[in-house]
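**Q** Once you've had a glance at the structure underneath, I'll fire off some questions.
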Amino acid sequence: MNADLDTAFRTRSRKNQRGFSLVEVMISIVILVVGLVSMLGVFGIAMAATQTSQQNGTAKQLANEAVESILTARETANVTWDQIQNTGVVGGLFVPGFVPVNCAGVDGIVGTADDAACGPQILEQPGPNGVYAGACPPDVCTPLTNFQRQIQILPVFPVGGLVPIPTLRQLTITIQYNTPQFKLPRQYVLNTFISQYR
């Protein structure tokens, strides 16, 4: 009788101690692999965003620099109101279309014809100690050859009017640059207005 009880007990405990089947293990492995691949995709996107964030910030600063240069030239009366136009207009100073981002030329205004002689603008970052030394090296200096700038200066028309407002113009600064993550060039566009009055 003890042998029968022992056999019954072993049979019952085997039924209670069933393990995972091979199908259940394979399904759990597939779910785990899908989760891990998704996590790797998220890390890839994060790395791409980190790499392009510096270029996005640089593009924004280059656009702001162009606007500030034009406003400063107007404020200091280095140029006349008629000169604050693209070169296709009589008396205009600013080169139309996309041009390399060069240092401001002799006139001190970015986007004019004399900038080409100055060479590419340089982005200077602090060296390994985190302090600007004012020289490359130890500072890290990167020429901004990946960027192009377009300055468009357009007349502003009143609503329903055919004659432009003579004392107001629209500035559109477009910075174009390439990133390894995107096949097409990316653009940062800054729109503002400039008035003849200081």
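**Q** If I take R0 = 41 Å and measure r between the Cβ atoms of Ala77 and Val42 in this structure, what FRET efficiency does the formula 1/(1 + (r/R0)^6) give, to the nearest 0.05?
**A** Between Ala77 and Val42 the formula returns 0.15.
**Q** Under Stokes-Einstein, with the Kirkwood radius over Cα pairs standing in for Rh, what whole-number D in µm²/s applies to segment 63-120 at 25 °C and 0.890 mPa s?
**A** Numbers: Rh = 11.4 Å.
The Stokes-Einstein estimate is 215 µm²/s.
**Q** Fewest Cβ neighbours within 10 Å first, please rank Ser69, Ser38 accordingly.
**A** Ser38, Ser69
**Q** Using a Förster distance of 41 angstrom, determine the FRET efficiency expected from the C-beta separation of Ser28 and Arg186, and round it to 0.05. Present the calculation step by step, with values, prior to reporting the outcome.
**A** Working: r = 42 Å, r/R0 = 1.02.
Once the sixth-power term is evaluated, E becomes 0.45.
**Q** Another question, then. To the nearest whole percent, what portion of all C-alpha pairs in segment 17-195 is separated by more than 28 angstrom?
**A** When every Cα pair of segment 17-195 is considered, 45 percent fall beyond 28 Å.
**Q** Once both labels are modelled 7 Å past Cα along the beta-carbon direction, what's the Gln51-Tyr132 spacing in nm?
**A** 2.9 nm
Each reported figure results from applying straightforward, stated rules to the coordinates on display, with no laboratory input. None of the values given here were measured: they were computed from a predicted structure. Reconstructed Cβ throughout: ideal geometry from the backbone, glycine too, with neighbour counts over all protein chains shown.
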